[in-house]
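Written below as structure tokens is the structure these notes are about.
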Amino acid sequence: MNSAILITYNEDDVVREALALCDSAGYKVLHSIKQDFLQAPKYGISTGKIQELKDIMVSAKPDAIVFDEVLKPSQNYNLASELKMEILDREALILKIFEKRSSSAESKLQVNLAQLRYEMSRAKEKVRLARMGEQPGFMGLGMFEVDVYYNDIRRRIVSTKSKLVKVGKQHELHRQARKRLGFKIISLAGYTSAGKTTLFNFLTDEKRDESEELFTTLSTITRRVSINQEAALISDTVGFISKLPAYMIEAFKSTLEELLYADIVLVMIDASDTLYELQKKFKSCFKTLNEIGVEPYKMIFVLNKSELLDEDYILEIVDKLGLGEDKIKFFPILISSVLVNLVILCDSDYFVKFPDLFYVHAVFQ
Ligand SMILES: Nc1nc2c(ncn2[C@@H]2O[C@H](COP(=O)(O)OP(=O)(O)OP(=O)(O)O)[C@@H](O)[C@H]2O)c(=O)[nH]1
Ligand SMILES: [Mg+2]
């Protein structure tokens with residue numbers, strides 16, 4: 001495992017997520033620097049903090065600096081030149097995890113596209129700096145080679161995209177076939193680690209990896225299930241995370257597109273998070289689903305890990321997330337994929353306790 005110094009925000013849940021991201025990417029965090037503000041123009045952090053960071057680096061000897069915010073290419077460049085060390089901003093860290101996790105040909109292409117898009121935005125900056133004479137010969141290249149490098153990334157983006165378009169067409173054919181068979185399609189969506197795969201495995205008897213680590217699932221699979229004696233198809237998909245840039249969503253389009261064609265999107269929420277975290281993740285999921293184009297009337301919010309909570313707290317969550325307000329559109333359901341206390345399967349104590357939360361039935365009937 002590599003080691004890193006983490007620079008993150010001064011908020012417990014943010015620190016926890018950043019540590020989980022580092023862990024999933026294979027970085028052991030030797031030291032965390034917590035800041036209220038990470039968007040200082042030159043380095044992201046203040047110049048004063050740079051000296052402190054240098055001192056810590058001398059004793060900790062990390063392999064990289066993880067910066068838990070999206071850095072502009074110029075900030076990344078400034079930090080790397082000042083510290084003489086690889087800087088992984090939030091996007092680069094997520095890309096590392098994606099790279100580690102991608103196993104199918106499709107997810108490899110998607111990750112590759114996201115990496116190229118990331119590199120492209122950096123290449124633009126490097127070319128700009130080279131033109132201004134500020135970065136003579138980056139990577140030992142002259143001006144001509146810089147242009148070659150830039151054009152090469154562009155060419156690889158076009159080629160990867162066209163391969164993904166082909167994969168997208170195959171998905172489309174599958175979808176049409178499924179439509180002809182007349183099955184209802186249920187997709188699982190939600191923040192990474194909400195428990196999508198655990199539920200999917202339970203419903204389908206599959207053995208896909210489920211784990212505490214972030215982004216365990218990177219590809220979509222669909223299986224036939226029987227819910228209340230009715231056959232349906234259910235898909236497990238890639239999880240979301242806050243500050244997921246548009247180009248990453250775009251790169252995973254062929255996978256996430258499945259959500260667009262679902263009859264129902266079960267938006268899994270880890271109800272064991274703190275209220276603050278819950279609201280933040282909820283907003284971020286809703287935003288991502290909107291960006292993908294999933295219509296709100298298809299979404300059903302599922303409060304997972306409910307066995308860890310007491311009833312008052314559950315009601316507070318429903319209230320805080322505004323889930324109880326419009327029951328026609330936003331039916332929250334409670335489940336625990338671990339205890340298999342599944343409302344969808346219609347056999348739970350909660351049915352008696354929270355009759356309001358059980359409108360989901362109607363959807364399947
Ligand atoms: N206590 C509890 N833990 C759960 C429940 N459902 C899932 N988990 C745990 O939550 C963690 C994440 O579960 P996954 O099913 O991998 O989550 P995911 O949403 O598929 O995550 P990604 O693939 O990363 O997007 C695992 O450690 C599961 O064991 C639940 O109902 N209760
Ligand atoms: Mg998963």
Modelled label-to-label distance, T274 and F37, 7 Å Cα→beta-carbon offset: nm? 2.3
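List, in the order given, every pair from K184/K305; K179/K298; K96/K305 whose Cα-Cα distance in the structure shown is over 19 Å.
K184/K305; K96/K305
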Once Lys and Arg are counted +1 and Asp and Glu -1 for all other residues with Cβ under 9 Å from that of F200, the total becomes 0
How about region 263-292: which chymotrypsin sites (Phe, Trp or Tyr not before Pro) there lie in a loop by DSSP and see at most 14 other Cβ atoms within 10 Å? none
Taking a label point 7 Å from the Cα of K283 along Cα-to-Cβ, the residues of region 4-23 whose backbone nitrogen sits under 14 Å from it are 14
HN-Hα J in Hz across region 300-308 - Karplus 6.51, -1.76, 1.60, θ = phi - 60°, x for Gly and Pro: 10, 8, 10, 8, 8, 6, 5, 5, 8
Using alpha-carbon positions, what is the distance between the centroids of region 67-134 and region 236-299, in Å? 24
For D36, what charge total do you get from the other residues with a beta carbon under 14 Å from its beta carbon, if Lys and Arg give +1 and Asp and Glu give -1? -2
Can you compute 3J(HN,Hα) from phi for each residue in region 164-178, using the Karplus curve 6.51 cos²θ - 1.76 cosθ + 1.60 with θ = phi - 60°, rounded to whole Hz and x for Gly and Pro? 5, 4, 4, 4, x, 5, 4, 4, 4, 4, 4, 4, 4, 4, 5
So which of K283/K320; K61/K126; K28/K84; K163/K243; K54/K84; K108/K281 end up more than 18 Å apart, counting from Cα to Cα? K61/K126; K28/K84; K163/K243; K108/K281
Cleavage-rule hits (GluC sites (Glu not before Pro)) in region 205-250: DSSP loop, at most 11 neighbouring Cβ within 10 angstrom: E212
Burial-style ranking of 263-274, 47-58, 237-248, average other-beta-carbon count within 10 Å with highest first, yields 263-274, 237-248, 47-58
Ratio Rg/Rh [Cα only; Rh per Kirkwood] for region 44-99: 0.97
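Where a number appears in this text, it was derived from the coordinates with a stated rule and is not lab data. Since this is a predicted model, take the numbers as computed values, not measurements. Using ideal geometry, Cβ is built from the backbone for each residue, glycine included, and neighbour counts are taken over all protein chains shown.
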